[in-house]
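Report on the structure given below.
The values are calculated or read from the model by the stated rules, or taken from the named source; none is laboratory data. No experiment lies behind these values; they were computed from the predicted model shown. A quick note on method: Cβ atoms are made from the backbone with ideal geometry, for glycine too, and the neighbour counts reach across all protein chains shown.
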Amino acid sequence: MWETLQPELVVILVNTNQTLVSRHVSSALKTLKIEVDGLKVLEQAFLEAKLGDCFAQAVDAFASTKGRIIVTGIGKSGHVARKIAATFTSTGTQAQYLHPGEASHGDLGMISAEDVVFAITWSGTTSELRDIINFCALTRKQLVVATANPQHWIGQAADICLALPCVREACPNELAPTSSTTMQMVLGDALAVALIEARGFSPKNFSILHPGGLLGARLTRLDKLMGVGDAVPRVPLHATLRTATIEMSRKRYGCTAIVDGNDKLVGAFTDGDLRRCITLHDLDECIAEHMSPRPVTAPTSMMAVDALVLMNENAVSVLFVTDDDRLVGIVHMHDLVRLGIA
């Protein structure tokens, strides 16, 4: 195509394209600035106003409930509510999203006696929430509300009201929820993280709830991944270079562990060590004279992602897994590659 165009036209097309790109990037940067400014206003509200106190009350209410957190909202706030409920659930806090429309047609029955309701509405006047709000009042359910207009009826009905600051929407028409939904999302993340800390939710807990995908792979413990038993290359401390070389060749790890009479790991011998000594030493010499003492080890409870960091920090491709210094397993970098995290 370009070969058939006049040079002047090519210059015009290129310049026009650069102008469009520049305009789009400028728009993106403007949006980012407006939304970041909105988050700065939210941060200030936590520091200066009573939002911080109400936030602490909400975290206590959510953490102490024996039931679930029923999260609700409509429109864009509804999408945010779904995400917040999903984040709560995935981090150990029982939660469920309730659609206001379905709530009015029977789904109010899903709210149990010990649940807490968390309603999200920017305007504070969302009519679709009326039946849920009235149900909370009727059944004396604790109601937490996040709104930018706490003076309106939903905020007034709340037991705990998270009064969000009003901010400028990034939309040039000041209509499409943009900065406001970002603020709602960040508030939800802040609640989820505070609940993680309040409940002592650990990486082990996280791995139980996220067994699939890359996240599950990263949180896999080494005792679920390591080679054990006869798969682990090992020779006794009194073995010869020849015996260690044969053992190393029989197994797939490119090394062998050196253990004492109690099966405690005392050294390692790698194919690199073999290359360095084979032309200078007799294969019948004792392996103790050629092994590398204090090889890099890891406990069975270590997560795969931490094992990867440990390997990279020590420039090794193999970790020996020990329990009270006893050799119980071995993990190769290839094992992590198969998981998809390396």
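Laid out as a table, the results:
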{"read-out": "Single residue of the stretch 235-281 satisfying the filter (among the small types (Gly, Ala, Ser) and within 24 Å of LEU336 (Cβ to Cβ)) that is farthest from the chain's Cα centre (by Cα)", "value": "SER249"}
{"read-out": "Meets criteria (farther than 24 Å from GLU128 by Cα, touching a helix residue (DSSP H, G or I) at 6+ places or on another chain (Cβ under 9 Å) and either modelled with pLDDT of 90 or more or surrounded by fewer than 16 Cβ atoms within 10 Å (Cβ to Cβ) (or both)) for LEU42", "value": "yes"}
{"read-out": "Qualifying residue in the stretch 145-156 (condition: of a type in the set (Val, Ile, Thr) and in contact (Cβ under 8 Å) with a residue 60 or more places away in the chain)", "value": "no"}
{"read-out": "Subset of the stretch 299-320 (residues that are of a type in the set (Val, Ile, Thr) and exposed (fewer than 15 other Cβ atoms within 10 Å of the Cβ))", "value": "VAL309"}
{"read-out": "Residues of the stretch 62-74 classified as modelled with pLDDT of 95 or more and surrounded by fewer than 21 Cβ atoms within 10 Å (Cβ to Cβ), total", "value": "1"}
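So that you can scan it fast, the table gives a plain yes or no per residue for (1) buried (at least 16 other Cβ atoms within 10 Å of the Cβ); (2) touching a Ser or Thr at 6+ places or on another chain (Cβ under 9 Å); (3) in contact (Cβ under 8 Å) with a residue 12 or more places away in the chain; (4) not assigned by TED's automatic domain parsing to the domain that holds GLY229:
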position	(1), (2), (3), (4)
LYS251	yes, no, yes, no
VAL259	yes, no, yes, no
ARG276	no, no, no, no
THR322	yes, yes, yes, no
ARG326	no, no, yes, no
